[in-house]
Amino acid sequence: MGMDGYADRAEAGRRLAPGIVRALGPDAATPLVLGLPRGGVPVAAAVAEALDAPLDVLLVRKLGVPRHAELAFGAIASGGARVLNPDVVALARLGDDDIASVTATEERELRRREHAYRGDRPPPRLRGRTVVVVDDGLATGATMRAAVLALRALDAARVVAAAPVGSDEACALVAEEADALVCPLVPDRFRAVGLWYEDFGEVGDDDVRRALRSFAHGGR
């Protein structure tokens, strides 16, 4: 498809890898590659293969304001990280009970999905590590930004955010938080992530499990 887009997520990951290598620099330790389920995982798997690096998933759940769930006041992620947006908390007049209730609901869903993908394997240790977090595209950038903030809260030493395609606004948002952003395709008329792939088929839970299994014995 040329530089106007990608054949599929695996090809996008392979083409993303050289930019990630450049962003990491010549003396970087082997990073941990984390895919954002579900669509980011096949991209991340191709990146991890190219970098000969371990692969895992980072689950992010947005915390929505009660009765206005589309308005996020924060997010939680694998490993027990929680980040809050104090401006939205104040604007929505959320009390500690509101925050705790929404967090508990989303934590249950996060645990359920973690178990579905990872089984009984614990989340990877992130403290002091260089982490590359990968999605299949950045539309608003909100999920990737939450992921980067969560990785900071989990004491990752360096966080590189990577996606094959993104909107201008999303890239700017993520670049503010990450140590480096790798996004080779930032179209003037972005519209939607799926438009930049020939094959943008749905990624199922089984696909995520398969990708993780193929890396479970290598590089960990």
Pull out a ≥ b ≥ c, the square roots of the eigenvalues of the alpha-carbon gyration tensor of region 92-146, then state rounded if a/c is under 1.5, prolate if not and a/b is larger than b/c, and oblate in the remaining case. oblate
For a footprinting-style exposure proxy, rank Tyr117, Tyr6 by other Cβ within 10 Å, fewest first. Tyr117, Tyr6
Build a GNM of the chain with springs between Cα atoms under 10 Å: which of Pro66, Pro26, Pro54 gets the top mean-square fluctuation? Pro26
Specify the inter-centroid distance of region 40-85 and region 125-141, based on alpha-carbon positions, in whole Å. 8 Å
So if I place +1 on the C-beta of Lys and Arg and -1 on the C-beta of Asp and Glu, and nothing else carries charge, what would the dipole magnitude of region 61-118 be about its Cα centre? I want it in debye, nearest 20. 300 debye
So how tilted is helix 96-118 from the main axis of the chain? Cα-based, degrees 0 to 90, rounded to 10. 30 degrees
So if we plug the beta-carbon distance of Leu91 and Glu176 into 1/(1 + (r/R0)^6) with R0 = 30 Å, what FRET efficiency do we get, rounded to 0.05? 0.90
To make sure I understand, if each residue's beta carbon is the centre and we count other beta carbons within 10 Å, what order do Thr103, Thr140 fall in, fewest to most? Thr140, Thr103
Wrap a convex hull around the Cα atoms of region 61-118, take a quarter of its surface area, and give that in square nanometres. 3.8 nm²
Debye, to nearest 20: dipole size of the chain, +1 on Lys, Arg Cβ, -1 on Asp, Glu Cβ: 640 debye
Taking the chain as a Gaussian network, where each spring joins two C-alpha atoms under 10 Å apart, which residue of Gly194, Gly95, Gly141 fluctuates the most? Gly95
Neighbouring Cβ atoms within 10 Å as the yardstick, rank Ser78, Ser214 fewest first. Ser214, Ser78
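Report for the chain the percent antiparallel among DSSP-assigned beta bridges with both residues inside it, nearest 5.
Approximately 35 percent, going by the DSSP bridge assignments.
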Could you work out how far helix 168-177 tilts from the main Cα principal axis of the chain, as a 0 to 90 degree angle to the nearest 10? 70 degrees
Among Ala161, Ala44, Ala29, which one moves the most in a GNM of the chain with springs linking Cα atoms closer than 10 Å? Ala29
Can you give the angle from 0 to 90° between the axis of helix 9-24 and the longest principal axis of the chain, with both taken from C-alpha atoms, to the nearest 10? 90 degrees
List the residues, sorted by chain then number, that are 5 or more residues from Gly74 or on another chain and whose placed amide H is less than 5 Å from its amide H. Leu63, Asn85
Say the dipole of the chain comes from +1 at the beta carbon of Lys and Arg and -1 at that of Asp and Glu; which of Ala175, Ser101, Asn85 then lies farthest toward its positive end? Ser101
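Read-outs: derived from the displayed coordinates by stated rules, not from any lab. What you see is a predicted model; the values in this text were computed from it and never measured. In this analysis, Cβ positions are derived from the backbone assuming ideal geometry, glycine residues included, and neighbour counts consider all displayed protein chains.
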